[in-house]
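Chemist: Got a structure for you, questions after.
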């Protein structure tokens, strides 16, 4: 499958899911304040998105013999999860842009943005109850349990990262980073979508370890790639370029830089990073120069490749027995895209 064909598929899935989600969300209200809440809830779901996570779940389901129409509720709930998490994440990270536009708190203020995220969170659970009618109570309950696990893992990973920032910690190792990423990113980006696709396809409980190693490695490769894109991508990336430096993110690139830089340069980097949001453009450029000088971006690329190759080997072990259908070809193409994308 060519990259153009894959992007067309993602665009088609995104349009389908966006329509489904916007139909499921409240549209307007006679009370102006509630009407604004509804508009804010619909904001992030209306913005440009690739819908990678629900697409992964749908293709995994179809590859394993399931039907796309049986996945619609669950896939849409995954995308709603992504959106309410991003609202809160943008607040916690003090971000400026999301998907090419100002973040919700910049448009409407912090209290209203928090409340809109909470309301969207509740709609996710409300949507999932529809699986009782589509798939039956037993399977719907198993899907809800997977969502509970996904929320637990994601919020634990987010808390770890926020804790590093709150305590101004810089004494971090690669293993610290990998643990945070497998919880914050891998679980809801890769592990849960695959497990949910398998659940709907098989219609029976799955082992607690199914797809976990594959999803963790794929998610780590995906996140490292995202960290690199934040430093090197063009405006298609949808967030402020080098925003991770501005926000003080402990990325693999930065952790490596602090490990290999000379003593004087290391202190300069730490002094800049401790400024949090008060960094100047000159500060950001200085850190970028050090990352290039010490080869930290290239190092991260190599580590991303290691995790990506591991994930691809596990893909063959998990899905190798499945018939070589169009869905399987698309699924492998999506997995490959997630680890080599340039925006």
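The values are calculated or read from the model by the stated rules, or taken from the named source; none is laboratory data. Remember, it's a predicted structure, so these values are computed and weren't measured experimentally. Cβ coordinates were reconstructed from backbone atoms using ideal geometry, including for glycine residues, and neighbour counts include every protein chain displayed.
Chemist: Of the conditions (1) part of a helix (DSSP H, G or I); (2) closer than 28 Å to residue 288 by Cβ, residue 241 satisfies every one except a single condition; which number is it?
Modeler: (1)
Chemist: Of the conditions (1) assigned to a helix (DSSP H, G or I); (2) out of contact with any helix residue (DSSP H, G or I) (no Cβ under 8 Å at 6 or more places or on another chain); (3) in contact (Cβ under 8 Å) with a residue 40 or more places away in the chain, residue 189 satisfies every one except a single condition; which number is it?
Modeler: (2)
Chemist: Condition first: part of a helix (DSSP H, G or I) and surrounded by 16 or more Cβ atoms within 10 Å (Cβ to Cβ). Now tell me which residues in region 197-212 satisfy that. Even if it seems obvious, please write down each step before you answer.
Modeler: If we filter region 197-212 for residues that are part of a helix (DSSP H, G or I), which is where we start, we get 197-202, 212.
Scanning region 197-212 gives 197, 198, 199, 200, 201, 212.
Chemist: Same structure, new question: Are any of the residues in region 23-36 in a helix (DSSP H, G or I), surrounded by fewer than 21 Cβ atoms within 10 Å (Cβ to Cβ), modelled with pLDDT of 95 or more and in contact with a helix residue (DSSP H, G or I) (Cβ under 8 Å, 6 or more places away or on another chain)?
Modeler: In the first step, residues of region 23-36 are kept if they are in a helix (DSSP H, G or I); the result is 23-24, 32-36.
From what's left, surrounded by fewer than 21 Cβ atoms within 10 Å (Cβ to Cβ): 23-24, 32-36.
Subset that is modelled with pLDDT of 95 or more: 23-24, 32-36.
Now restrict to residues that are in contact with a helix residue (DSSP H, G or I) (Cβ under 8 Å, 6 or more places away or on another chain): 24, 36.
Yes, region 23-36 contains a residue that is in a helix (DSSP H, G or I), surrounded by fewer than 21 Cβ atoms within 10 Å (Cβ to Cβ), modelled with pLDDT of 95 or more and in contact with a helix residue (DSSP H, G or I) (Cβ under 8 Å, 6 or more places away or on another chain).
Rundown of residues vs (1) touching a strand residue (DSSP E or B) at 6+ places or on another chain (Cβ under 6 Å); (2) surrounded by fewer than 19 Cβ atoms within 10 Å (Cβ to Cβ); (3) closer than 23 Å to residue 102 by Cβ; (4) at pLDDT 95 or above, yes/no style:
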residue: 256; (1), (2), (3), (4): no, no, no, yes
residue: 261; (1), (2), (3), (4): no, no, no, yes
residue: 265; (1), (2), (3), (4): no, yes, no, yes
residue: 269; (1), (2), (3), (4): no, no, no, yes
residue: 279; (1), (2), (3), (4): no, no, yes, no
residue: 296; (1), (2), (3), (4): no, no, no, yes
residue: 302; (1), (2), (3), (4): no, yes, no, yes
residue: 307; (1), (2), (3), (4): no, no, no, yes
residue: 313; (1), (2), (3), (4): no, yes, no, yes
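Chemist: Let me ask something else about it. Here is a list of conditions, (1) surrounded by 15 or more Cβ atoms within 10 Å (Cβ to Cβ); (2) part of a helix (DSSP H, G or I), and residue 141 meets all of them except one; can you say which number that is?
Modeler: Here residue 141 meets the rest and fails (1).
Chemist: Okay, next question. Quick check: anything in region 90-108 under 30 Å from residue 248 (Cα atoms), in contact with a strand residue (DSSP E or B) (Cβ under 6 Å, 6 or more places away or on another chain) and either surrounded by 15 or more Cβ atoms within 10 Å (Cβ to Cβ) or at pLDDT below 95 (or both)?
Modeler: Taking every residue of region 90-108 in turn, at least one turns out to be under 30 Å from residue 248 (Cα atoms), in contact with a strand residue (DSSP E or B) (Cβ under 6 Å, 6 or more places away or on another chain) and either surrounded by 15 or more Cβ atoms within 10 Å (Cβ to Cβ) or at pLDDT below 95 (or both).
Chemist: While we're looking at this one, here's another question. Which is crowded, with 16+ Cβ neighbours inside 10 Å and at positive phi, of 243, 248?
Modeler: Matching residue, one of 243, 248: 248.
Chemist: Take region 109-131 and flag every residue that is surrounded by fewer than 16 Cβ atoms within 10 Å (Cβ to Cβ) and more than 21 Å from residue 37 (Cα to Cα).
Modeler: The one that is surrounded by fewer than 16 Cβ atoms within 10 Å (Cβ to Cβ) and more than 21 Å from residue 37 (Cα to Cα): 129.
Chemist: Out of the residues in region 244-254 that are part of a helix (DSSP H, G or I) and at pLDDT below 95, which is nearest to residue 168 (Cα to Cα)?
Modeler: Top of the filtered list is 247.
Chemist: So, residue 79, is that one modelled with pLDDT of 95 or more and within 23 Å of residue 159 (Cα to Cα) or not?
Modeler: The answer is yes for residue 79.
Residues are listed down the side, and each one gets a yes or a no for (1) under 18 Å from residue 230 (Cβ atoms); (2) in contact (Cβ under 8 Å) with a residue 12 or more places away in the chain; (3) assigned to a helix (DSSP H, G or I); (4) over 23 Å from the mean Cα position of the chain (by Cα):
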position	(1), (2), (3), (4)
267	no, no, yes, yes
270	no, yes, yes, yes
297	yes, yes, yes, no
308	yes, yes, yes, no
311	no, yes, yes, no
322	no, yes, no, yes
327	no, yes, yes, no
332	no, yes, yes, no
336	no, yes, yes, no
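Chemist: Being assigned to a helix (DSSP H, G or I), modelled with pLDDT of 95 or more and closer than 17 Å to residue 33 by Cβ: is that true of residue 86 here? Let's see the steps before the verdict.
Modeler: Values: assigned to a helix (DSSP H, G or I): yes; modelled with pLDDT of 95 or more: yes; closer than 17 Å to residue 33 by Cβ: no.
No; evaluated as a whole, the condition is false for this residue.
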